[in-house]
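J.: My structure is below; once you've seen it, I'll send some questions.
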Amino acid sequence: MQKSKVMGNTIMLYIMSIAKLIFPLLTLPYLTRVLSEDTYGFVSYVKSCMTYMQLIIDFGFILSSVKDIVKANGDNEKIGKIAGNTFLAKTMLSIVSAVAMIIMYLFIDILQISFLFVILSFGAVALTSYLADFLFRGIEKMHYITIVYLISKGVAVVLTFVFVKGDSTIIWIPVLDILMNVIAIVISIGIIKKLGIKIRLTALKDCFIMIKDSFTYFLSSVATTVFSALNTLLIGIYISDLAQVAHWSLCLTMISAIQGLYAPICNSVYPHMIQERRLSFIHKILKIFMPLVVVGCGLCIVLADIAMLVVGGEKYVEASDLFRLLVPILLFSFPAQLYGWPTLGAIGKTKETTASTVLSASFQLIGLIVLIVFNCFTLISLAILRSLTELVLMGTRMFITYRNKRMFSDFRCAEAHN
């Protein structure tokens, strides 16, 4: 029963992840063709900045609140309180992120190209405070997340083709994101009521406790962001060429889209591992999926030129070598993710999981400083550094896992049997 539940959740999250891959790839070739390189670079740069805002709002609740809901063991009253406190905490953090956004706007020249675009983009992010993805993942009803995503994102994609016609109409991009989130929130509220879960608030202090408990997960997310959004941010500051920002963003978007295929596996394994704590289950997942990852990486390298032509058009084909240098991220990322929260987090090694990410982020930061100081900050050197950072993350998490292998139930049983 448990195995079928994990499989069902994995399938649903995989459908959503495929949709997350397909929907952006439907609009991406369109946007790269109707927008100039500079405008697409600006749009991508703003989206990268919004990653930081999203980070503050999420604050690791997708892991900490999911864990609390799993431990509630189906008690709808407890689940409702956890969800209510999470929503309130996210609202408070949205205010904090608004202050951070204003500071970034005042000090980064690229953002000052369009204040309206920036503020509407932030509004779309702020609305995610009220999405209940953490709740559905915690109760292992991933098909609800899939339905919500498919409907809301599908509407936004269709309307993008209708309203975004060129540089002068880019304002519709955040407007449609806002529309998508409003639709998702309305649908989510209806589903929550149907499940018999009543969202409740306890006390304000409980929200602060929740934020405090989630801080470790947040640190891990902050460190992870160094791997992606910070790179784009620095390109805009030190290279100041929107065309290069556009090339980097397109390549990284494609890499991230493929990485998104790993998420449903890791997300569905996480609740199962919290209950079972079997390292052999992780090994089984690796044996099944790593050959597919290796083949996929090979295809990405061989077909890079064609991929860039199809996705970005002729003006982006020259970025194919950059894309190839980023492909190792895909090879190292799957085991790095799997040995993270689904493995180490399941045995209570929260601090160690975060430490592995912080260590890798530190490696990345030191590398960035070296590139800047020695005037070697180019897209090529940045891509190599990014791939090496993912390797460090994978190696660190594997080392910590096998150093603590006795904490897994199957190892304890084997030792007891011997």
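The values are calculated or read from the model by the stated rules, or taken from the named source; none is laboratory data. Note that this is a predicted model, so its numbers are computed, not measured. Please note: Cβ atoms are built from the backbone with ideal geometry, for glycine as well, and neighbour counts cover all protein chains shown.
J.: Name the one entry in Leu344, Leu303, Leu326 that is modelled with pLDDT of 95 or more, of a type in the set (A, V, I, L, M) and out of contact with any Cys (no Cβ under 9 Å at 6 or more places or on another chain).
T.: Among Leu344, Leu303, Leu326, only Leu303 is modelled with pLDDT of 95 or more, of a type in the set (A, V, I, L, M) and out of contact with any Cys (no Cβ under 9 Å at 6 or more places or on another chain).
J.: In the list Val245, Val269, Val293, which residue meets the criterion of being of a type in the set (A, V, I, L, M, F, W, C) and touching a Gly at 6+ places or on another chain (Cβ under 6 Å)?
T.: Going through Val245, Val269, Val293 in turn, the sole match is Val245.
J.: Of the numbered conditions (1) more than 21 Å from the chain's Cα centre (by Cα); (2) closer than 30 Å to Gln275 by Cβ; (3) surrounded by fewer than 18 Cβ atoms within 10 Å (Cβ to Cβ), Arg33 fails exactly one; give the number of that condition.
T.: Failed condition: (2).
J.: Give the residue, chosen from Asn404, Asn375, that is on the phi > 0 side of the Ramachandran plot, polar (S, T, N, Q) and not assigned by TED's automatic domain parsing to the domain that holds Phe59.
T.: None of the others qualify; the one that does is Asn375.
J.: When both residues are 6+ apart or on different chains and their Cβ atoms are under 6 Å apart, which pairs have a first residue that lies in the stretch 233-257 and is within 16 Å of Ile113 (Cβ to Cβ), and a second that is of a type in the set (D, E, K, R)?
T.: Leu242/Asp38; Ala243/Glu37; Ala246/Glu37
J.: Further, regarding this structure: Go through the stretch 326-354 residue by residue and tally those that are on the phi < 0 side of the Ramachandran plot and either without any contact (Cβ under 8 Å) to a residue 12 or more places away in the chain or outside any helix (DSSP H, G or I) (or both).
T.: Final tally of qualifying residues: 3.
J.: Among the residues of the stretch 15-23, is any at pLDDT 90 or above, part of a helix (DSSP H, G or I) and either more than 20 Å from Leu159 (Cβ to Cβ) or more than 20 Å from the chain's Cα centre (by Cα) (or both)?
T.: No; the residues of the stretch 15-23 include none that is at pLDDT 90 or above, part of a helix (DSSP H, G or I) and either more than 20 Å from Leu159 (Cβ to Cβ) or more than 20 Å from the chain's Cα centre (by Cα) (or both).
J.: Follow-up question, since we're still on this one. Considering the stretch 178-203 alone, what residues qualify as being touching a residue at least 60 places away in the same chain (Cβ under 8 Å) and either part of a helix (DSSP H, G or I) or of a type in the set (Val, Ile, Thr) (or both)?
T.: Ile192, Ile197, Ile199, Thr202 - these are the residues of the stretch 178-203 that are touching a residue at least 60 places away in the same chain (Cβ under 8 Å) and either part of a helix (DSSP H, G or I) or of a type in the set (Val, Ile, Thr) (or both).
J.: OK, next. Tell me, yes or no, whether the stretch 131-140 has at least one residue that is in the same structural domain as Pro174 (by TED's automatic domain parsing), over 24 Å from Ile189 (Cβ atoms) and not charged (D, E, K, R).
T.: Within the stretch 131-140, not a single residue is in the same structural domain as Pro174 (by TED's automatic domain parsing), over 24 Å from Ile189 (Cβ atoms) and not charged (D, E, K, R).
J.: Quick one: which residue in Leu120, Leu150 is touching a Pro at 6+ places or on another chain (Cβ under 8 Å) and not small (Gly, Ala, Ser)?
T.: Leu120
J.: From Phe218, Phe208, which residue is aromatic (Phe, Trp, Tyr), assigned to a helix (DSSP H, G or I) and crowded, with 19+ Cβ neighbours inside 10 Å?
T.: That would be Phe218, the only listed residue that is aromatic (Phe, Trp, Tyr), assigned to a helix (DSSP H, G or I) and crowded, with 19+ Cβ neighbours inside 10 Å.
J.: Also, I was wondering about something else. Does Met308 satisfy being of a type in the set (A, V, I, L, M) and surrounded by 20 or more Cβ atoms within 10 Å (Cβ to Cβ)?
T.: Judged against the criteria, Met308 is a match.
J.: Now, a different point. Those residues that are part of a helix (DSSP H, G or I), aliphatic (A, V, I, L, M) and buried (at least 17 other Cβ atoms within 10 Å of the Cβ), I need them from the stretch 148-177; list them, please.
T.: Val148, Ala156, Val157, Ile173, Val175, Leu176
J.: Taking Ser356 and the conditions (1) of a type in the set (S, T, N, Q); (2) closer than 22 Å to Cys251 by Cα; (3) within 21 Å of the chain's Cα centre (by Cα), which numbered condition does it fall short on, given that it satisfies the others?
T.: Unmet condition: (2).
J.: Among the residues that make up the stretch 270-287, is at least one of them without any contact (Cβ under 8 Å) to a residue 24 or more places away in the chain, part of a helix (DSSP H, G or I) and of a type in the set (Gly, Ala, Ser)?
T.: Scanning the stretch 270-287, I find no residue that is without any contact (Cβ under 8 Å) to a residue 24 or more places away in the chain, part of a helix (DSSP H, G or I) and of a type in the set (Gly, Ala, Ser), so the answer is no.
J.: Based on what the data block shows, is Lys349 out of contact with any Lys or Arg (no Cβ under 9 Å at 6 or more places or on another chain), surrounded by fewer than 16 Cβ atoms within 10 Å (Cβ to Cβ), within 25 Å of Ile285 (Cβ to Cβ) and assigned by TED's automatic domain parsing to the domain that holds Asp241?
T.: no
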